[in-house]
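Shown below is the structure under consideration.
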Amino acid sequence: MALFIVILILMIAGSVVAVEIKNMLSAVIAAGIVGFGVSVMFLFLKAPDIAITQVIVEVLSLIILIRITTNADNEAIEKKIDNFANIVGLIFVGLFVAFCFWAFVDMTAFGTPIMRVSQHYLSAGLEETGAANMVAAVILDYRAYDTLGEAVVIFTSILGAFVILRSRGKKKLTEKDMEKVGIPE
Amino acid sequence: MIVYILNVIIMALGLYCLIAKRHIIKKIIGMVLIEYSMNLFLILIGYRINGLAPILLPEMNRVQFSQYGVDPLPQALVLTSIVIGLGTLALMAAYAMKLYEKYRTFDMSEIRRLRG
Amino acid sequence: MKKEQIEKIVHDDGIGMSLIVKTVARMMIAVILLFGFYIIIYGHLTPGGGFAGGVILAIAYTLMMLALSRKIALEKFSDFWASFWDNIGMLSFIVIGFIGLSVGYFLYNFLWHGEPFHLISAGIIPLANISIGIKVGACLYAIFIGLSIYGRVIVKEEEE
């Protein structure tokens, strides 16, 4: 319990730095602190599958984020402080935290889960599926539709990224079109 | 309880970053923070004190495993959610690169003004 | 590209990172790929599975692209083959589901379950793990190809 609190406080410090620092490369790397802290938490929360996945995904997402921060201006835009956005953001965050406190009253205490459905997975999973890893049994046998949906989502996301990024098949814009769209030069 | 509250603080920081900051990369970082804390919250709900990881070994006692194992269902759902998060992060990165190539700036209010 | 040309590019200082990084990366890529396949194939017995192993496969080729150069990585595994393996993984998972439909219901675990704690056990779970691993690995590598190639081509055209 104390270990979890220490790692969570480290993650809060990392996220405060990621939100408030001016240099974008530093912000991205501070977000990496939060990701690796999450993976250490997964390891101590007895979830080794997710810990492995989170470490590697974090490395790959850091590479992608550093890729978009380099060859661009990585300084924050701080000409004038936007008071309206700050006030609206703080109001939303306050409402959100208040609703969370309201919801936590009805939850069970930390460490005592309600396992009406998954008790069956633990007690009969080996006989019904033959897999020793219960997480693999759940994602590929009991709830394989969820995995199919995940595959479709990631397929669609890469399709979208390719459509946005590629410009080979597109016709060259004429000057008239540029005026119509309003691109400044 | 205090673990849940500390987790919600990270989510609130991500929400504030998403709403109040004007830089596009800061907005992406806010999304990523919300996603991490959401995944962690689901795993925290399924944790059992002094629990066993949901992976059966040959020398393990089956009855003890079914009594003390942690919840495998949120772990399975979060496992897919993490990889989906990487896909959506790549999509957001593609949008950010395209916007930067078109407008030569990352400032949201600047982009809005140029559109008219 | 022939092998001598690749050797020449690897020992050339102008392409990719420095010589130490390139040498270590060439040794490590095979080990990382082997570890990825181990994680995928033993996914139903030990921690891991298709998702984790697929991301490890993607990161091996990403290391090749970053450390050696984009040219060598695309020679080894081009964007056409990345999308090809992506579709193959997706289709094989759906085909496994439809074979189950002909026996019982969609994604039915129709194969013999076998003895527990052995490599060949658990019915369709290892096959589905392999297809998901191929799918995720090729897909994430393709995303990285997209982010690295297409963006840079546009910038270069504008500068010229």
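The values are calculated or read from the model by the stated rules, or taken from the named source; none is laboratory data. Just so it is clear, the model here is predicted, and its values are computed rather than measured. Positions of Cβ are backbone-derived with ideal geometry, glycine not excepted, and every protein chain shown enters the neighbour counts. When the accessible area is computed, the model is the full protein with side chains, heavy atoms only, and any ligands, DNA or RNA have been set aside. Shrake-Rupley method; radii C 1.70, N 1.55, O 1.52, S 1.80 Å.
Averaging sequence separations of C-alpha pairs under 8 Å and six or more residues apart, then dividing by the length of the stretch A:1-72, give the relative contact order as a whole percent.
Contact order relative to length: 28 percent.
Residue by residue through A:38-46, how many Cβ atoms from other chains fall within 10 Å of the Cβ on average?
Averaged over the peptide's residues, the number is 6.
Once the convex hull of the C-alpha atoms of chain B is built, how many Å³ does it hold per residue, rounded to a whole number?
Per-residue hull volume (Cα only) is 108 Å³.
Tally up the carbon and sulfur contribution to the accessible surface of the protein assembly as shown as a whole percent, 1.4 Å probe, everything protein left in place.
Carbon plus sulfur share of accessible area: 68 percent.
Then there is this: For the stretch C:3-159, calculate the relative contact order in percent as a whole number, restricting contacts to Cα pairs under 8 Å that are 6 or more residues apart.
Over the stretch C:3-159, the number comes to 26 percent.
Determine the shielding of peptide C:101-112 by partner chains: average, over its residues, the number of Cβ atoms on other chains within 10 angstrom of each Cβ.
2
Take the alpha carbon atoms of the protein assembly as shown, find their radius of gyration, then divide it by 2.2 N^0.38 Å using N residues; give the quotient.
Compared with the compact-globule rule of thumb, the protein assembly as shown sits at 1.04.
Next question. So what J values fall out for the stretch C:131-138 if you push phi through Karplus, 6.51 cos²θ - 1.76 cosθ + 1.60 with θ = phi - 60°, rounded to Hz, Gly and Pro as x?
Couplings: 5, 5, x, 4, 5, 5, x, 5 Hz.
When only Cα pairs under 8 Å and 6 or more residues apart are kept, what is the percent relative contact order across chain B?
Relative CO of chain B lands at 26 percent.
Further, regarding this structure: Near A:SER39, within a Cβ-to-Cβ distance under 15 Å, what is the net charge of the other residues, with Lys and Arg +1 and Asp and Glu -1?
Once all neighbours under 15 Å are counted, the net charge is -2.
Same structure, new question: When the Cα centres of the stretch A:87-162 and the stretch A:17-62 are compared, how far apart do they sit, in Å?
Taking the Cα centre of each part, the stretch A:87-162 and the stretch A:17-62 sit 19 Å apart.
Could I ask something else about it? Could you state how much accessible area is buried at the A-B interface, both sides summed, with a 1.4 Å probe, in Å² to the nearest 100?
Roughly 8200 Å².
Sort B:66-75, B:44-53, A:45-54, A:82-91 by the packing proxy (mean of other Cβ within 10 Å over each peptide's residues), most packed first.
Highest-to-lowest ranking by the protection proxy: A:45-54, B:66-75, B:44-53, A:82-91.
Provide the buried accessible surface between chains B and C in square angstrom, both chains summed, 1.4 Å probe, rounded to the nearest 100.
Approximately 1200 Å², summed over both chains.
When the convex hull of the Cα atoms of the stretch C:3-159 is projected onto a plane and the area is averaged over all directions, what value comes out in nm²?
11.6
Okay, next question. If the limit is 30 Å between Cα atoms, which of B:LYS98/C:LYS71; B:LYS27/B:LYS102; B:LYS102/C:LYS135; A:LYS22/B:LYS102; A:LYS46/B:LYS21 go over it?
B:LYS102/C:LYS135; A:LYS46/B:LYS21
Follow-up. Under 20 Å from a point 7 Å along the Cα-to-Cβ line of A:ILE66: which residues of the stretch A:16-46 have their amide N that close?
A:17-19, A:21-40
Amide H of B:LEU52: which non-local residues (sequence gap of 5 or more, or other chain) have their own amide H closer than 5 Å, using H built in the peptide plane?
B:GLY69, B:VAL70
If you don't mind, there's one more thing I want to ask. Calculate the FRET efficiency for B:LYS102 and C:LEU34 from the Cβ-Cβ distance with a Förster distance of 51 Å, rounded to the nearest 0.05.
Calculated transfer efficiency: 0.75.
Calculate for the protein assembly as shown the 222 nm mean residue ellipticity that helices alone would give, adding -39,500 (n - 2.57) per DSSP H run of length 4 or more and normalising by residue count, nearest 500 deg cm²/dmol.
Here the helix-only value at 222 nm equals -24500 deg cm²/dmol.
Let me ask you something else. Roughly how many whole Å is it from the C-alpha centroid of the stretch C:28-63 to that of the stretch B:81-104?
25
Let me ask something additional. Averaged over its residues, how many other protein chain Cβ atoms are within 10 Å of peptide C:78-88's Cβ atoms?
Counting other chains' Cβ atoms within 10 Å and averaging over C:78-88 gives 1.
I'd like to check one number: the per residue accessible area of the protein assembly as shown, probe 1.4 Å, reported in Å² as a whole number.
Spelled out: the 1.4 Å probe surface of the protein assembly as shown, per residue, equals 48 Å².
Quick check: pseudo-label points 7 Å beyond the Cα along Cα→Cβ at C:ARG26 and C:GLU4, how many nm apart are they?
For C:ARG26 paired with C:GLU4, the spin-label model returns 1.6 nm.
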